[in-house]
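J.: The structure is given below, and queries will be raised subsequently.
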Amino acid sequence: MKENLTALMSAFLRAWHFERSESPVFCDRYASQLLSEDFLGVAEELKKGIRFLKPDFKCSGEFVTDGELDAVLNETLSGAVLSRSAFFERALKCEMRLGAKQAVMLGAGYDTFSLSFGENMSVFEVDREKLFSDKLERAKKAGLSFGENVFFLPIDMENPKEIEKIGAHPAFSKEKKTVFSALGAVQYLSREGLFNMLSGIAKIACEGSALVLDFEEPREKTKESEMARSAGEAMTGGVSEMHLTKILEDFGFIVTECLDGEELSREFFSHYNTLYPNKKLNCRKSVKCLSAVKKFGASVG
């Protein structure tokens, strides 16, 4: 499990939130099924290491309860994962209403969006081959079935030539409006890798196509970065909104929305936090979610 730890942790946080909330911020009905027996295993490991997440944590009894873990996760790890999922879901629904027929999910991990799409939407998941092998095996064991409109592409996201292979896939059309996402991926890319990924996207995205991603402003160490490093998946030092916006503009994209952690919390967590004042969801201000659209008249490449 350690090899895909960060992707599995994201799936766990979505599953845990959905399973333990009567009014969830984001409804992931399939993540716990993908995790199977690992779901409770991850929860127990987090309980054992709860003071890593919250050094001043004081247990109410002999053992950490589910409720106590819930509150600590909401304060520390869950906010970034749930806000980006909710942000993408909102953007995706909007783009589908505007005619998007394809979705490319870069760094798809154990996301389950493709299990919810209808057959009218072609979905291309991009990630490591070993992760896809594990994901498909988990889905099979859980009785989950990906439709014939879902394609799994083991591609190096930091190589623009590799990204261009998506455009060459027989099921992909460069003429169709597409939604590209890179959720939880940017923080693992080098500056050059980020540039290359966006370059590849720009070459296969037709005008009107949308891009949704999350990133983090340059920061000190976080709990997420420390956990990723221990799993051999080091995060980069972040990227500034100004720098990212400039790259996107150079590739023919217009940024349509960019929310920081405080704005994301107000947008997506306000109702939940009113209902659950003792375990409020929180998102660091340095965390940001961005959406952009390929300009009409911009060269496809």
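The values are calculated or read from the model by the stated rules, or taken from the named source; none is laboratory data. All figures in this text were calculated on a predicted structure; none of them were measured in a lab. When we count neighbours, we look across all protein chains shown, and the Cβ atoms used for this are built from the backbone with ideal geometry, even at glycine. For accessibility, only protein heavy atoms count, side chains too; no ligands or nucleic acids. Shrake-Rupley method; radii C 1.70, N 1.55, O 1.52, S 1.80 Å.
J.: In region 1-160, carbon and sulfur make up what percent of the accessible area (probe 1.4 Å)? Intermediate values should be presented prior to the final figure.
T.: Working: 3630 of 7400 Å².
C and S fraction of accessible area: 49 percent.
J.: Using the structure shown, list the pairs from 93/141; 47/288; 161/203; 203/294; 176/295; 174/203 with a Cα-Cα distance above 19 Å, or answer none.
T.: Values: 93/141 30 Å; 47/288 28 Å; 161/203 10 Å; 203/294 11 Å; 176/295 14 Å; 174/203 9 Å.
Pairs exceeding 19 Å: 93/141; 47/288.
J.: Taking only DSSP H segments of four or more residues, each worth -39500 (n - 2.57), what value at 222 nm results for the chain once the sum is divided by all its residues, to the nearest 500 deg cm²/dmol?
T.: Taken over the chain, the calculation gives -13500 deg cm²/dmol.
J.: Please work out whether region 100-193 counts as rounded, prolate or oblate from its C-alpha gyration tensor, where a ≥ b ≥ c are the square roots of the eigenvalues and a/c under 1.5 means rounded, while otherwise a/b larger than b/c means prolate and anything else oblate?
T.: Details: a/c = 1.80, a/b = 1.15, b/c = 1.57.
Taking the square roots of the gyration eigenvalues as a ≥ b ≥ c, region 100-193 is oblate.
J.: Related question: Each residue of region 148-154 in turn: what ³J(HN,Hα) in whole Hz from Karplus with 6.51, -1.76, 1.60 and θ = phi - 60°, glycine and Pro shown as x?
T.: The phi angles translate into 5, 8, 10, 10, 10, 10, x Hz.
J.: Still on this structure: Rank 247, 201, 163 by mean-square fluctuation in a GNM of the chain with C-alpha springs under 10 angstrom and give only the top-ranked residue.
T.: 247
J.: Turning to a different aspect of this structure: In what order, largest first, do 157, 242 sit by accessible area if the probe radius is 1.4 Å?
T.: Values: 157 30, 242 160 Å².
Result of the area sort, largest leading: 242, 157.
J.: Probe radius 1.4 Å, ligands and nucleic acids left out: which of 256, 112 has the largest accessible area, and how do the rest follow?
T.: Values: 256 85, 112 10 Å².
Correct descending sequence by accessible area is 256, 112.
J.: Ordered by residue, what ³J(HN,Hα) values in Hz, to whole numbers, does region 192-209 give under the Karplus form 6.51 cos²θ - 1.76 cosθ + 1.60, where θ = phi - 60° and Gly and Pro are x?
T.: Whole-Hz 3J(HN,Hα) from phi for region 192-209: 5, x, 5, 4, 5, 4, 5, 4, x, 4, 4, 6, 10, 8, 7, 4, x, 5.
J.: Here is a follow-up. Can you sort 138, 29 by solvent-accessible area, 1.4 Å probe, largest first? Please list the in-between numbers first.
T.: Values: 138 35, 29 140 Å².
Listed by decreasing accessible area, they come as 29, 138.
J.: Springs between alpha-carbon atoms under 10 Å, Gaussian network over the chain: tell me which of 151, 63, 12 tops the mean-square fluctuations.
T.: Maximum fluctuation in the GNM of the chain, among the listed residues, is at 63.
J.: Do any GluC sites (Glu not before Pro) in region 111-156 lie in a DSSP loop with no more than 12 other beta carbon atoms within 10 Å, and if so, which?
T.: Values: sites: 119, 125, 129, 137, 148; in loops: 119, 148.
The qualifying sites are 119, 148.
J.: Give the accessible surface of the chain per residue, rounded to a whole number of Å², with probe radius 1.4 Å and ligands, DNA and RNA excluded. Don't jump to the answer; show the numbers that get you there.
T.: Details: 13880 Å² over 301 residues.
With the other protein chains kept in place, the chain gives 46 Å² per residue.
J.: Connecting C-alpha atoms closer than 10 Å in a GNM of the chain, tell me which of 245, 65, 178 has the biggest fluctuation.
T.: In this elastic network of the chain, the residue with the biggest mean-square fluctuation among 245, 65, 178 is 65.
J.: Measure nothing fancy, just the Cα-based angle from helix 241-250's long axis to the longest principal axis of the chain, in degrees from 0 to 90, nearest 10.
T.: 20
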